[in-house]
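The numbers here are math on the coordinates, done by the rules we state, and not lab data. Predicted model only: the values in this text are computed from it and were never measured. We place every Cβ from the backbone using ideal geometry, glycine too, and count neighbours over all the protein chains shown.
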Amino acid sequence: MSFIERLKSRWKLESVTQAVLVMIAFAFTGTSVLGLKWVFARFVYAGSWPWWGIAVYILCIVPVYNILLLFWGFVFGQHRFFIAYEKRFLNRIVGRFKKK
């Protein structure tokens, strides 16, 4: 079984084309976040990255990444997959803070 076939079955996708489009959306999202890192660093921290700057960056980039993921998923026609993906992600995050 090929790598793409395994992703297709794991993510419950209908075709190889859909799996490729999902991977492209993830790639574009990562590239977009990388570009935003330099913009963030240039305008917010005009030089060194102190420990608090890294913490602020991480706290800011997590929601931005999720928004960009939804955006690129919509651009590539995979919005249903990414909306479900984000719901699972948010449930995992919220579930960690719920009292048992």
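Which entry in (1) 47, 38, 25; (2) 54, 39, 25; (3) 46, 32, 24 matches Cα extents along the principal axes in Å derived from the coordinates of this structure?
(1)
Within straight cross-link reach of residue 98, meaning Cα distance under 21 Å, which lysines are found once same-chain residues fewer than 8 apart are removed?
Result set, ordered by chain and number: 87.
Taking the Cα centre of the chain as the origin, how large is its charge dipole in debye, to the nearest 20, when only Lys and Arg (+1) and Asp and Glu (-1) carry charge on their Cβ atoms? Mind dumping the intermediate values first?
Details: 14 positive and 3 negative charges, 122 e Å.
Dipole of the chain, to the nearest 20 debye: 580 debye.
Which whole-number percent is the relative contact order of region 3-97 (Cα, under 8 Å, 6+ apart)? Write out the running numbers ahead of the final one.
On the way: 45 pairs, mean separation 27.3, N = 95.
Answer for region 3-97 is 29 percent.
Going by alpha carbons, how many degrees (0 to 90, nearest 10) lie between the helix axis of 16-44 and the longest principal axis of the chain?
It is inclined by approximately 0 degrees.
Using only Cα atoms, tell me the angle between helix 51-75 and the longest principal axis of the chain; keep it within 0 to 90° and round to the nearest 10.
30 degrees
Which value in nm describes the separation of the simple spin-label points at residue 27 and residue 10, placed 7 Å from the Cα toward the beta carbon?
1.7 nm
With a 10 Å radius around each residue's Cβ, average the other Cβ atoms per peptide and rank 23-32, 10-19, highest first. Could the numbers behind the result be given before it?
Numbers: 23-32: 16.0, 10-19: 12.9.
My ranking of the peptides, most packed first, is 23-32, 10-19.
Angle, helix 79-97 long axis vs. longest principal axis of the chain, Cα atoms, 0 to 90°, nearest 10?
60 degrees
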